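Participant: Just passing along the structure, written as structure tokens.
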Amino acid sequence: MFRVIVKRLLTGVLVMWGAASLIFLIVRVAPGDPVTILLGTDASAEQIAELTASLGLDRPLLSQYLTYLTDVARLDFGRSYLLGQPAMPEVLERVPATAELMLTSTAIAVVVGLALGLLAGSRPGSIVDRIVSACTIALQSFPTFWVGIMLILAFALAFRMLPSAGAGTPAHLVLPSVTLALPFTAIVARLTRTSVAETMGEPYIQTARSKGLTERQVLAGHALRNSLIPVVTVVGLHMGGLMGGAVIVENVFAWPGLGSLIVDAVSNRDYAVVQAATFLIAGIVMLFNLVTDLVYSQLDPRIRLDGAV
Amino acid sequence: MSPLLSVAGLVVDLPSPAGVLRVVDGVSFDIPEATTVGLIGESGSGKTMTANAVIGLLPGGAVLDGALRWRGEDVLRADPGRRRRLRGREIAMIFQDPLAALNPTQRIGRQVGEILRRSGMRRDEVRRRVVELFDRAGIPEPSRRLRNYPHEFSGGMRQRAMIALALAGNPALLLADEPTTALDVTVQARILRLLRSIQRDEGLAMLLVSHDLRVVAHVAHQVVVMYAGRVAERGPTSAVLSRPAHPYTRALVQSVPAVRTRTAIAHPLPGAPASPARRPAGCAFHPRCPLARERCRSEQPVVRQVADGRWSACHFAGEVSRS
């Protein structure tokens, strides 16, 4: 097990190098440059040349890339052009808010999604199953930004129950985390439903019944764990994907997390901050994937990560 | 003495896209205490459905009629709780494919001991009993093997584990649904011998469901031959196989390839088995029957006693062994 983790972490370094390079390239290929944004359109040619030189942007791209890589290896992402502060601490400061949002959404999605999936999957074809299936298809089809705006219209403007923007109190957390959780809940519910329905048709479920267990004992003792194996994988992988949703949700609800920082940094061409934030997200996603694989192998004894079959 | 289980006029209707299918149509037979009854027939003959009806594990939507008298009590009409408590503790079942029938994510010892654990037995007691059961089922090194998962067992060992699992609740009747079909031929014989010795030593009654005449001939005291959801013939195994009282049984016996003779497949049964969806009128076997005449096409034969302990559903049972 330990050797596998080490091996996975080493390949992770390669992945991170790829991610860092890709970010570097995309940021520079994208139109617009930080100098005009910082100085405004009426700056003189000398001012522009001076700032470009001081930011190091006049050097050839390859030399910029090599400096960048050696800095990244030391986890130094340079200073934010806009704030003059080191970029990484700026980014890390925003992590707790995003983590709060992501963990709350995941908790909602897992609890509600599993409950709905179990309810529907243990009685395939029933009325409950049909209602759950219809609702989850609908939830998965609505775009996140639209759901966010609708929730604001309903709960913040019409009913005046919840704040529409900002952070700080638990009430502020409700709308953004629910918005982020809805499509995730639908995915978890649909997958759990399919998986439970499939597992309940397995011959070993008949064996469990032939022992005189109640349906509840059969479900909890034999079907649940086995039907959760694919669900764990998807939850783990999707938690990484939640980062993408967080960018949209944080902007709709003015949530002070990584997502809104990235959007600000991109519109200001604040290269250092964009690079630091994206690098961090790539690292988090990779870590989630590793943890998912480890949990998966613990749930299913047929899968041994040791590689010795 | 009344039999342990009496199946009387059992009917099983299953919903299907083509309408309701009568997969079991008025089946009757008895299982006396400490006796092995073989249930034989082609696929689609309703033999597995009969066994599933006995233990109460039919697919959803199945409608039953007739009677299942367990020690005189009609359990077909008993409440679901009573039927459930019968399972495992009085009637146990082993299945065709032991790999699929064992939970892949649980240690085998845990699965075998589950029924004991759930009835409130202490952990060390359960463990001791599981080791005994493994031993009884012929699994070597029981205390080590009970920590294994099903995928770490061989096919024969899995079926042994399945037998240990079925014996855990100390049942009076063991249903074995094609217990050797998924196994290698060399392993088949060992599992059959094990089943026979367990049946004898524990005084168990056993219902052995099989399509293989040789399996039934080796193990069963009595045999019930099913065709298209109905009983064709039943009686003591040796008598039925040596002097069949139904043309279908005779055809089955003749279709078994004899190893020593040169004609490997002497007389394969002509025609396709009747499916419950298109069951012929009259005697369901008449399209394939060499003795069939006008009466067989229109009148459905009843199962009647043709000799002491011998029952046949052929209008012309007397002619079968003579012809």
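Participant: Amide H of B:Arg230 versus every other amide H placed in the peptide plane: which residues, excluding those fewer than 5 positions away on the same chain, fall under 5 Å?
Facilitator: The list, which skips near neighbours in sequence, is B:Asp25.
Participant: While we're looking at this one, here's another question. Provide the net charge surrounding A:Ala167, with neighbours chosen by a C-beta distance below 15 Å and charges set as Lys +1, Arg +1, Asp -1, Glu -1. Intermediate results must be reported in sequence, preceding the final value.
Facilitator: On the way: positive: A:Arg94; negative: A:Glu93, A:Glu100, A:Glu250.
Spelling it out: positives minus negatives among the neighbours equals -2.
Participant: With +1 on each Lys and Arg Cβ and -1 on each Asp and Glu Cβ, how big is the dipole of the protein assembly as shown about its Cα centre, in debye rounded to the nearest 20?
Facilitator: That gives a dipole near 3360 debye.
Participant: Set the Förster distance to 41 Å, then compute FRET efficiency between A:Ala30 and A:Ala158 from the Cβ-Cβ distance, nearest 0.05.
Facilitator: The calculated FRET efficiency here is 0.55.
Participant: Have a look at the DSSP beta bridges in chain B and tell me what percent are antiparallel, nearest 5.
Facilitator: Values: 30 of 49 bridges.
Within chain B, antiparallel bridges account for around 60 percent of the total.
Participant: Also: Label A:Leu299 and A:Val111 with points 7 Å out from Cα along Cα→Cβ: what is the distance between them in nm?
Facilitator: 1.9
Participant: Need one value for B:76-88: mean number of C-beta atoms belonging to other chains within 10 Å of its residues' C-beta atoms.
Facilitator: Average neighbour count from other chains, rounded to a whole number: 2.
Participant: With r as the distance between the Cβ atoms of A:Arg3 and B:Ser2 and R0 = 60 Å, compute the FRET efficiency 1/(1 + (r/R0)^6) and round to 0.05.
Facilitator: Efficiency at R0 = 60 Å is approximately 0.35.
Participant: In the range A:233-259, which residues have a backbone nitrogen under 16 Å from the label point lying 7 Å from A:Leu83's Cα in the Cα-to-Cβ direction?
Facilitator: Counting backbone N atoms under 16 Å from the label point, the list is A:255-259.
Participant: OK, next. Please report the relative contact order for chain A, taking Cα pairs under 8 Å with a sequence separation of at least 6, and give it as a percent rounded to a whole number. Show your work: numbers first, answer last.
Facilitator: On the way: 349 pairs, mean separation 81.6, N = 309.
The normalised contact order for chain A reaches 26 percent.
Participant: Where the centre of each part is set by its Cα atoms, how far does the range B:10-37 sit from the range B:267-296, in angstrom?
Facilitator: If we compute the Cα centre of each part, the gap is 19 Å.
Participant: From the phi of every residue in the range A:16-21, what ³J(HN,Hα) in whole Hz does the Karplus formula 6.51 cos²θ - 1.76 cosθ + 1.60 yield, where θ is phi - 60° and glycine or proline is x?
Facilitator: Karplus values, whole Hz, x for Gly and Pro: 5, 4, x, 4, 4, 5.
Participant: With an 8 Å cut-off on Cα pairs and a minimum separation of 6 or more residues, tell me the relative contact order of chain B in percent.
Facilitator: 20 percent.
Participant: Further, regarding this structure: What number comes out for the charge environment of A:Met200, summing +1 per Lys or Arg and -1 per Asp or Glu over other residues with Cβ under 14 Å away?
Facilitator: On the way: positive: A:Arg123, A:Arg193, A:Arg209, A:Arg216, A:Arg225; negative: A:Asp129, A:Glu198, A:Glu202, A:Glu215.
So the environment of A:Met200 carries a net charge of +1.
Participant: Among A:Asp270, B:Asp308, what is the fewest-to-most ranking by other Cβ atoms within 10 Å?
Facilitator: With the sparsest Cβ surroundings first, the list reads B:Asp308, A:Asp270.
Participant: I need the shape label for chain B. Rule: rounded when a/c is under 1.5, else prolate if a/b > b/c, else oblate, with a, b, c from the alpha carbon gyration tensor.
Facilitator: It comes out prolate by the Cα gyration axes.
Participant: While we're here: When a/c is below 1.5 the answer is rounded, else prolate if a/b is larger than b/c, else oblate, so apply that to the range B:1-99 with a ≥ b ≥ c taken from the square roots of the Cα gyration tensor eigenvalues.
Facilitator: rounded
Participant: Say we join alpha carbon atoms closer than 10 Å with springs in a Gaussian network model of chain B; which of B:Met49, B:Met162, B:Met121 then has the biggest fluctuation?
Facilitator: B:Met121
Participant: Could you give me the ³J(HN,Hα) list for the range B:115-129, computed from phi with Karplus coefficients 6.51, -1.76, 1.60 and θ = phi - 60°, whole Hz, x at Gly and Pro?
Facilitator: Couplings: 5, 6, 4, 6, 8, x, 6, 5, 4, 5, 5, 4, 4, 4, 5 Hz.
Participant: With the crude spin-label approximation of a point 7 Å out along Cα→Cβ, what separation in nm comes out for A:Thr169 versus B:Thr181?
Facilitator: Output for this residue pair reads 6.7 nm.
Participant: How many partner chain Cβ atoms sit within 10 Å of a residue's Cβ in peptide B:102-108, on average, as a whole number?
Facilitator: Partner-chain Cβ atoms within 10 Å, mean over residues of B:102-108: 6.
Participant: Which order do A:His172, A:His222, B:His286, B:His151 fall in if you start with the one that has the fewest other Cβ atoms within 10 Å?
Facilitator: B:His151, A:His172, B:His286, A:His222
Participant: What's the percent breakdown of Cα-Cα distances in the range A:218-281 across 10 Å bins, shortest bin first?
Facilitator: Here the calculated profile for the range A:218-281 is 19, 35, 20, 15, 10, 2.
Participant: What does DSSP give for the protein assembly as shown in terms of the percent of beta bridges that are antiparallel, rounded to the nearest 5?
Facilitator: Roughly 60 percent of the DSSP beta bridges within the protein assembly as shown come out antiparallel.
Participant: Please compute the length gained on full extension between A:Ile37 and A:Trp146, using 0.36 nm multiplied by the number of residues separating them and subtracting their Cα-Cα distance.
Facilitator: 36.2 nm
Participant: Considering the alpha-carbon set of the protein assembly as shown alone, what are its Rg and its Dmax in angstrom?
Facilitator: Reported Rg and Dmax, both Å: 34.9, 119.
Participant: May I ask you to evaluate 6.51 cos²θ - 1.76 cosθ + 1.60, the Karplus curve with θ = phi - 60°, for each residue of the range A:67-81 and list the ³J(HN,Hα) values in order in whole Hz, giving x for glycine and proline?
Facilitator: Going residue by residue, I get 4, 4, 4, 5, 5, 4, 4, 9, 6, 9, 9, x, 9, 5, 4 Hz, with x marking Gly and Pro.
Participant: Along the principal axes of its C-alpha atoms, what lengths does the range A:87-299 span, in descending order and rounded to whole Å?
Facilitator: For the range A:87-299, the Cα extents along the three principal axes come out at 66, 43, 27 Å.
Participant: Suppose every Lys and Arg Cβ carries +1 and every Asp and Glu Cβ carries -1, with no other charges. What dipole size does chain B come out with about its Cα centre, to the nearest 20 debye?
Facilitator: On the way: 46 positive and 29 negative charges, 101 e Å.
My answer is approximately 480 debye.
Participant: Which parts of the range B:228-252 would a label at B:Glu319 reach, counting a residue when its backbone N lies under 19 Å from a point 7 Å out along Cα-to-Cβ?
Facilitator: So the set is B:232-233, B:243-252.
Participant: Could you give the dipole magnitude of the range A:87-299 about its Cα centre, charging the beta-carbon of Lys and Arg +1 and that of Asp and Glu -1, in debye to the nearest 20? Each step should come with its number before you reach the end.
Facilitator: Numbers: 11 positive and 11 negative charges, 155 e Å.
Dipole of the range A:87-299, to the nearest 20 debye: 740 debye.
Participant: Positive end of the charge dipole of the protein assembly as shown (Lys, Arg +1 and Asp, Glu -1 on Cβ, about the Cα centre): tell me which of B:Thr186, A:Ala197, A:Val285 has its Cα farthest that way.
Facilitator: Selected residue: B:Thr186.
Participant: Scan around B:Thr35 for amide H atoms under 5 Å from its own, H built in the peptide plane at 1.01 Å from N, and keep only partners 5 or more places away or cross-chain.
Facilitator: B:Ala205, B:Met206
Participant: What nm distance separates the two modelled labels at A:Val15 and B:Arg110, each placed 7 Å from Cα along Cα→Cβ?
Facilitator: 2.9
Participant: Per-residue ellipticity at 222 nm for chain A, helices alone: DSSP H runs ≥ 4 residues times -39500 (n - 2.57), over residue total, nearest 500 deg cm²/dmol?
Facilitator: -24500 deg cm²/dmol
Participant: Summing Lys, Arg as +1 and Asp, Glu as -1, what charge do residues with Cβ under 14 Å from the Cβ of B:Ser2 carry, B:Ser2 excluded?
Facilitator: Local charge sum for B:Ser2: -2.
Participant: Give the shape of the range A:80-169 as rounded, prolate or oblate, defined through the alpha-carbon gyration tensor: a ≥ b ≥ c are the square roots of its eigenvalues, a/c under 1.5 means rounded, and otherwise the shape is prolate if a/b is larger than b/c and oblate if not.
Facilitator: Judged from the Cα gyration tensor, the range A:80-169 comes out prolate (a/c at least 1.5, a/b above b/c).
Participant: Only Cα pairs within less than 10 Å get springs; with that Gaussian network setup on chain A, which residue of A:Pro34, A:Pro176, A:Pro143 has the largest fluctuation?
Facilitator: A:Pro143
Participant: Using a Gaussian network model on chain B with a 10 Å cutoff between Cα atoms, which of B:Arg136, B:Arg144, B:Arg127 fluctuates the most?
Facilitator: Residue with maximal mean-square fluctuation among B:Arg136, B:Arg144, B:Arg127: B:Arg144.
Participant: Which of A:Met239, A:Met150 has the fewest other C-beta atoms within 10 Å, and how do the rest follow up to the most?
Facilitator: Ordered by Cβ neighbours within 10 Å, fewest first: A:Met150, A:Met239.
Bear in mind these aren't lab numbers, they're just calculated from the coordinates by the rules spelled out. Note that this is a predicted model, so its numbers are computed, not measured. Cβ coordinates were reconstructed from backbone atoms using ideal geometry, including for glycine residues, and neighbour counts include every protein chain displayed.
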